[in-house]
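The values are calculated or read from the model by the stated rules, or taken from the named source; none is laboratory data. Please read these numbers as outputs of a predicted model, since none were measured by experiment. With ideal geometry, Cβ positions are generated from the backbone for all residues, glycine too; neighbour counts draw on all protein chains shown. Remember, those area values only see protein heavy atoms, side chains included, never the ligands or the DNA or RNA. Shrake-Rupley method; radii C 1.70, N 1.55, O 1.52, S 1.80 Å.
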Amino acid sequence: MSTRMMTTALVAAMLLLSTSLACAAGTIKIGALFSVTGPPAFLGEPERNSAQMVVNEINRSGGIRGQQLQLVVYDTNGDPTKAVQMATRLIKDDHVVAIIGPSTTGETMAVIPVVEKDRIPMISCSAGSKITEPVKRYVFKTAQNDSLAVAKIYEQLQRQRLQRVAILTVSDGFGASGREQLKALAGRYGIHLVVDDTYGPKDTDMTSQLTRIRASQAQALIVWGTNPGPAVIAKNFRQLGLRIPLYMSHGVSSKKFIALAGAAAEGVKLPSGKVLVADLLPKRDPQRAALLAFIRDYQRHYRTEGDHFAGHAWDAVMLLKMAIANGGATPEGIRQALERTRNFHGIGGTFNYSPTDHAGLTKDAFVMVQVRRGNWVLAP
Amino acid sequence: MELGTQLLQYLLSGLATGAIYALIGIGFSIIYNATGIINFAQGEFVMLGGMVTVFLLKAHHLPLWAAIPLAVLIVTLVGFLFERLAIRPLRKATPISLVIVTIGGSILLRGLAMLIWDKDTHSLPSFSGDDPITVAGATVLPQHLWILGITLVLITLNKWFFSHTISGKAMRACSCNPRAAALVGIDVRRMVLFSFVISAAMGALAGIIVAPLTMTSYDVGGMLGLKGFCAAIIGGMSSGLPTVLGGLILGVLESLGAGLISSGYKDAIAFIILLLILFLRPQGLFGKPESERV
């Protein structure tokens with residue numbers, strides 16, 4: 001009995017040794033936390049797909065300085081507790097040098113203390129402004145800040161001299177963060193919020209809220225949420241015969257929104273990452289090349305359109321690749337190299353990280369788009 | 001816009017939503033009356049109705065008029081299999097373990113739907129256009145009329161079935177006293193199977209007629225099921241008019257609450273009502289204590 005146990009132990013030890021040797025020889029492990037299942041699966045699944053796609057491509061073309069990348073993906077289910085467990089596992093068991101994700105702001109906020117303590121750089125794919133404000137030493141992000149999207153909408157309202165504005169936000173993390181920014185920035189653009197209402201992520205009828213908004217004489221409505229709520233609102237909005245301009249958030253900037261809302265989507269405006277209208281961008285746009293390459297690759301691999309959520313992970317892997325190439329495959333090297341990123345033309349925008357800015361984008365990352373005849377076009 | 005029109009709009013929206021709750025609620029009570037268990041997979045029948053229709057439309061390019069009956073048929077078959085595979089083998093089990101079986105069944109169905117189709121939200125085309133109809137300043141969609149109309153027809157059919165057909169009367173007999181019903185030659189097991197088949201069909205139809213307005217996805221069953229359950233509780237688990245009224249009251253209160261107080265409390269309103277009814281009038285809003293349930 002004891003001989004057999006000895007043998008097992010020996011074999012196990014050899015296996016362990018050989019795998020760790022293999023790691024040291026040629027692969028760089030990076031971790032990824034995406035909510036591939038659960039309510040935010042519409043974020044996590046495309047993010048996982050595009051991260052894997054880019055990593056495979058990097059490996060096919062020789063890796064980074066001759067070293068292959070290995071992507072370790074864990075599904076967080078959209079659950080912050082699980083995200084923290086998985087982050088710990090990535091760091092302690094898998095010994096990754098950097099982490100991509102998580103998909104949502106709530107999960108990211110929960111994971112931040114873990115990566116800060118263990119000094120592992122993390123590039124979050126979620127939008128909440130508070131992720132990088134104030135700056136955390138090891139935390140970066142690729143998704144555009146909500147505040148940039150809000151500024152883009154308010155700028156246009158100000159130009160059109162629309163001051164009485166109603167907002168309708170979803171009662172989850174995304175909506176709460178948007179609502180905060182909408183309220184915080186209103187004063188700066190001379191905007192008066194006449195109705196500040198919310199709806200539940202699973203609600204199926206918002207005519208009550210819209211009836212109240214109609215009665216308020218608001219001059220424009222801004223809806224902040226992710227599918228399917230805003231599509232329901234667009235339908236209810238047409239049903240009630242409201243005629244004011246309808247703005248949405250970048251949370252629904254995909255063809256999916258038009259598919260869901262149908263004719264009711266017509267005329268809806270929103271600030272979007274450029275990926276939605278890549279083919280309509282002027283030739284001189286610095287992001288154009290990256291955008292078209294991304295769309296082509298994603299279409300080829302997954303037979304479906306790459307949206308800007310997939311783009312967040314694309315950007316994160318590309319940023320990591322550059323950081324590893326410039327700073328070496330150690331957590332601290334990656335962190336320092338990330339902070340030196342200048343003019344990286346990605347999917348979400350042109351990134352310029354610095355020690356005081358770990359979000360890296362300006363409001364030029366957004367363009368105003370509008371639905372015309374069942375398609376997204378650049379809004380005037 | 002003056003308050004009167006606003007109130008009318010809240011009322012109309014509430015009635016349309018409430019009709020759906022009523023349909024789902026009746027599914028709960030039919031099974032409850034035949035078996036004494038609460039079938040928590042009822043919401044999943046609703047989800048399946050919508051999702052199967054979407055699938056038939058998109059993947060098989062069937063026209064809407066063909067996809068709807070076929071989807072109802074498929075979901076009915078699911079209800080049949082559910083009873084055969086999950087409920088019947090455990091006929092000697094206590095109601096509480098059967099209720100837990102239905103919870104397990106609902107998780108299974110939801111997971112299967114997610115794996116077979118996807119995690120996306122889908123929309124169905126409206127049955128007859130999207131041009132709103134104006135009623136004294138308030139507006140409704142043609143689909144709302146479809147919902148109210150189909151609910152009305154189903155409720156009437158249901159009522160007729162339970163009071164005028166042999167099978168319906170036999171099911172009522174089982175609900176009063178299964179042992180006595182068996183003694184007079186009624187096949188109680190078959191009546192249980194019947195109840196699942198009818199509930200699945202009604203749930204599926206509810207899921208189909210709301211999908212053009214509310215969209216559908218693999219996980220819509222949970223909340224709709226709970227709201228239907230609330231409607232059934234308000235109606236004292238009756239499979240007739242009280243549950244319909246329960247659904248309508250719930251829909252209108254939700255809509256008024258969201259419009260006049262705050263939409264943040266919309267779901268809370270439903271569940272506060274549920275708790276109040278369970279505490280204060282467990283026999284339902286309209287029932288007399290110890291009254292016979294039909």
Discussion item. Restricting to segment A:172-190, give me the number of residues that are within 14 Å of another protein chain (Cβ to nearest Cβ) and surrounded by fewer than 19 Cβ atoms within 10 Å (Cβ to Cβ).
Written reply: 1
Worksheet item: Which ones in segment A:337-346 are crowded, with 16+ Cβ neighbours inside 10 Å and either assigned to a helix (DSSP H, G or I) or without any contact (Cβ under 8 Å) to a residue 12 or more places away in the chain (or both)?
Response: A:337, A:338, A:339
Fill in: Hits in segment A:235-253 - residues which are within 11 Å of another protein chain (Cβ to nearest Cβ), assigned to a helix (DSSP H, G or I) and either in contact (Cβ under 8 Å) with a residue 60 or more places away in the chain or not hydrophobic (A, V, I, L, M, F, W, C) (or both)
A:235, A:236, A:238, A:239
Response to the item:
For segment A:191-203, pairs from a residue that is more than 7 Å from chain B (Cβ to nearest Cβ) and open to solvent by 20 Å² or more (accessible area, probe 1.4 Å) to a residue that is basic (Lys, Arg) and part of a strand (DSSP E or B), with Cβ under 9 Å and 6 or more apart or across chains, are A:192/A:164; A:193/A:164; A:194/A:164
Fill in: Restricting segment B:256-288 to residues that are out of contact with any strand residue (DSSP E or B) (no Cβ under 7 Å at 6 or more places or on another chain) and open to solvent by less than 10 Å² (accessible area, probe 1.4 Å), the residue that is farthest from the other protein chains (Cβ to nearest Cβ)
B:284
Worksheet item: Any chance segment A:285-296 includes a residue that's in contact with a helix residue (DSSP H, G or I) (Cβ under 8 Å, 6 or more places away or on another chain), touching a residue at least 60 places away in the same chain (Cβ under 8 Å), closer than 17 Å to residue A:44 by Cβ and not in a loop (DSSP other than H, G, I, E, B)?
Response: no
Item to complete: Give the residues of segment B:82-118 that are closer than 19 Å to residue B:187 by Cα and open to solvent by 80 Å² or more (accessible area, probe 1.4 Å), sorted by residue number.
Response: B:84, B:85, B:89, B:92
Worksheet item: Take the residues of segment A:204-217 that are in contact (Cβ under 8 Å) with a residue 24 or more places away in the chain, open to solvent by 20 Å² or more (accessible area, probe 1.4 Å) and more than 30 Å from the chain's Cα centre (by Cα): which is nearest to the other protein chains (Cβ to nearest Cβ)?
Response: A:214
Worksheet item: Looking at segment A:254-306, which of the residues that are within 14 Å of chain B (Cβ to nearest Cβ) and on the phi > 0 side of the Ramachandran plot is surrounded by the fewest Cβ atoms within 10 Å (Cβ to Cβ)?
Response: A:303
Worksheet, complete the sentence: All conditions in (1) out of contact with any Lys or Arg (no Cβ under 7 Å at 6 or more places or on another chain); (2) within 14 Å of another protein chain (Cβ to nearest Cβ); (3) modelled with pLDDT of 90 or more are true of residue B:21 except (1)
Worksheet item: residue A:120 fails exactly one of the following numbered conditions: (1) of a type outside the set (Lys, Arg); (2) at pLDDT 95 or above; (3) not in a loop (DSSP other than H, G, I, E, B). What is the number of that condition?
Response: (3)
Practice prompt. Select from segment A:359-377 the residues that are in contact with a helix residue (DSSP H, G or I) (Cβ under 8 Å, 6 or more places away or on another chain) and open to solvent by less than 30 Å² (accessible area, probe 1.4 Å) and list them in ascending order.
Written response: A:359, A:361, A:365, A:366, A:367, A:368, A:369, A:371, A:376
Discussion item. Take the residues in segment A:218-233 that are part of a loop (DSSP other than H, G, I, E, B) and more than 9 Å from chain B (Cβ to nearest Cβ); name whichever of them is modelled with the lowest pLDDT.
Written reply: A:226
Discussion item. Regarding segment B:30-41, can at least one residue be identified that is open to solvent by 10 Å² or more (accessible area, probe 1.4 Å), away from chain A (no Cβ under 14 Å) and among the β-branched types (Val, Ile, Thr)?
Written reply: yes
Discussion item. For segment B:119-140, give me each residue that is surrounded by fewer than 19 Cβ atoms within 10 Å (Cβ to Cβ) and in contact (Cβ under 8 Å) with a residue 24 or more places away in the chain.
Written reply: B:120, B:125, B:127, B:135, B:136, B:137
Practice prompt. Hey, could you check segment B:193-221 for residues that are of a type in the set (Val, Ile, Thr), surrounded by 22 or more Cβ atoms within 10 Å (Cβ to Cβ) and in a helix (DSSP H, G or I) and say which is nearest to the other protein chains (Cβ to nearest Cβ)?
Written response: B:214
